[in-house]
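Chemist: The structure that follows is given in the form of structure tokens.
The values are calculated or read from the model by the stated rules, or taken from the named source; none is laboratory data. Treat the numbers as computed from the prediction; the structure is a model and nothing was measured. Note that each Cβ is placed from the backbone with ideal geometry, even for glycine, and that neighbours are counted across all protein chains shown. The accessibility values were calculated without ligands, DNA or RNA, using every heavy atom of the protein model including side chains. Shrake-Rupley method; radii C 1.70, N 1.55, O 1.52, S 1.80 Å.
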Amino acid sequence: MERVAFVGAGKLAFHLAPALKSAGLQISQVYSRTEAAAQRLAQRVGAIPLTQLSELDLSVDLVIIAVADDAIGAVAASLGSLVDPVSSPLVVHTSGGTPTALLGAHFPRYGSFYP
């Protein structure tokens, strides 16, 4: 089973995470800057809520960055400093207007997932 971590717990993540879970993926962790948001989504999909990005388990298969477009660069830079380039998960963002090259500067495997 593919393991997925969400970075962001807003509206898009709140709807996408359960859809992916119902499709057979395991949502293992949900990170949000606010504890209430992380807990709300994590409880909905049976995941672990996190409020520290450094606690994210990067042995997952996929990391979905579902944050505001103007925060993607900062989140990618922070996450990129934690990733082992050899065993990096696939990292995607959910923005239709942000170039994937923004992630390519930090991760060997990257893309966008615009639902």
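Chemist: So which residues in segment 89-115 are free of Cβ contacts under 8 Å to residues at least 12 places away in the same chain and hydrophobic (A, V, I, L, M, F, W, C)?
Modeler: Correct list: A101 only.
Chemist: Can you tell me which residues in segment 95-111 are of a type in the set (S, T, N, Q) and crowded, with 18+ Cβ neighbours inside 10 Å?
Modeler: If the condition is that a residue be of a type in the set (S, T, N, Q) and crowded, with 18+ Cβ neighbours inside 10 Å, then S95, T98 are the ones that fit.
Chemist: Based on what the data block shows, is V92 in a loop (DSSP other than H, G, I, E, B), β-branched (V, I, T) and either under 19 Å from A17 (Cβ atoms) or open to solvent by 20 Å² or more (accessible area, probe 1.4 Å) (or both)?
Modeler: no
Chemist: Just need a number here: residues in segment 59-74 that are closer than 19 Å to E2 by Cα and either open to solvent by less than 30 Å² (accessible area, probe 1.4 Å) or in a helix (DSSP H, G or I) (or both).
Modeler: Residues in segment 59-74 being closer than 19 Å to E2 by Cα and either open to solvent by less than 30 Å² (accessible area, probe 1.4 Å) or in a helix (DSSP H, G or I) (or both): 5 in total.
Chemist: A follow-up question, please. Looking at segment 9-27, can you tell me whether even one residue there is surrounded by 14 or more Cβ atoms within 10 Å (Cβ to Cβ), assigned to a strand (DSSP E or B), touching a strand residue (DSSP E or B) at 6+ places or on another chain (Cβ under 6 Å) and without any contact (Cβ under 8 Å) to a residue 40 or more places away in the chain?
Modeler: Among the residues of segment 9-27, at least one is surrounded by 14 or more Cβ atoms within 10 Å (Cβ to Cβ), assigned to a strand (DSSP E or B), touching a strand residue (DSSP E or B) at 6+ places or on another chain (Cβ under 6 Å) and without any contact (Cβ under 8 Å) to a residue 40 or more places away in the chain, which makes the answer yes.
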